[in-house]
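The values are calculated or read from the model by the stated rules, or taken from the named source; none is laboratory data. This is a predicted model, so every value here is computed, not measured. FYI the Cβ positions are ideal-geometry reconstructions off the backbone, even for glycines, and counts take in every protein chain you see.
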Amino acid sequence: MQADRFQLTTIMAQQREIAELGNPVLRQKAKNVEDISETEIQELIDDLIITASEANGVGIAAPQISESLRIFIIAGVSSTRYPDVPELETKVIINPEIISTSDEMEKGWEGCLSIPGIRALVPRHKSVRTVYRDRNNNLVEECFSNFTARVFQHEYDHINGVVFLDRVENPREIITEKEYMKLVIQSHPSEEQE
Ligand code: NI
């Protein structure tokens, strides 16, 4: 694995099996992390980074690898699943809270590593103000907007047992990945959301 690229802190990082829709762990409210410095927690964070990267995901939450803890990753590498998304810095988000949200909502396409082959239009707040711990236990207050706000809200839902299909307003806005790719290539790729 490319440890330098991902700034991993443990040597045992491994790709983990992804829990899929129907697995009860995805429906549990995850628990707060008590001691971020614990080796098990640091290894879990590295596993999340590796697993998201190998699966070409833009984010992943601990329940998706069957760990019911309030940790998620917003991935920092460009992704073939989301070719139009700009490169982001990898963020490790622990025990997050959403302090406030914009009134303005925006519908955008989302997919999920736990629900393979499916995309849907999901309304999200255009921006969110958040507070969380990073992997060094620093308290971080940060505003996210647009695509990153969408990823944050999607992953935040995961640690509360919610999946993106729960937020779809119209079942007709659920489509397969194959049809989604046609749609994106045909229309306006620069507007792809997730
Ligand atoms: Ni997901």
Could you tell me whether region 107-125 includes any residue that is at positive phi, of a type outside the set (A, V, I, L, M) and modelled with pLDDT of 95 or more?
yes
For region 35-62: of the residues being charged (D, E, K, R) and assigned to a loop (DSSP other than H, G, I, E, B), which is surrounded by the most Cβ atoms within 10 Å (Cβ to Cβ)?
GLU38
Return yes or no: is GLU169 of a type in the set (D, E, K, R) and in a loop (DSSP other than H, G, I, E, B)?
yes
Which residues, taken from region 102-116, are within 16 Å of the ligand (Cβ to nearest atom) and either acidic (Asp, Glu) or farther than 17 Å from THR148 by Cβ (or both)?
GLU110, LEU113, SER114, ILE115, PRO116
Answer yes or no: is there a residue in region 150-161 that is part of a strand (DSSP E or B), under 21 Å from GLY57 (Cα atoms) and modelled with pLDDT of 95 or more.
no
Does VAL168 qualify as being at pLDDT 95 or above, of a type in the set (Val, Ile, Thr) and within 24 Å of ILE49 (Cβ to Cβ)?
no
Among the residues in region 176-183, are any of a type in the set (Asp, Glu), closer than 22 Å to ALA55 by Cβ, surrounded by 18 or more Cβ atoms within 10 Å (Cβ to Cβ) and touching a residue at least 40 places away in the same chain (Cβ under 8 Å)?
no
Those residues of region 2-32 which are at pLDDT 95 or above and of a type in the set (Val, Ile, Thr), in sequence order:
ILE18, VAL25
Do the conditions hold for VAL128, that is, is it away from the ligand (no atom under 14 Å from the Cβ), at pLDDT 95 or above and either under 18 Å from ILE60 (Cα atoms) or in contact with a helix residue (DSSP H, G or I) (Cβ under 6 Å, 6 or more places away or on another chain) (or both)?
yes
Could you figure out which of (1) polar (S, T, N, Q); (2) surrounded by fewer than 17 Cβ atoms within 10 Å (Cβ to Cβ); (3) within 16 Å of the ligand (Cβ to nearest atom) isn't true of ASN32?
(3)
Here is a list: ILE71, ILE18, ILE60, ILE41. Which entry is over 18 Å from GLU110 (Cα atoms), under 14 Å from the mean Cα position of the chain (by Cα) and not hydroxyl-bearing (Ser, Thr, Tyr)?
ILE71
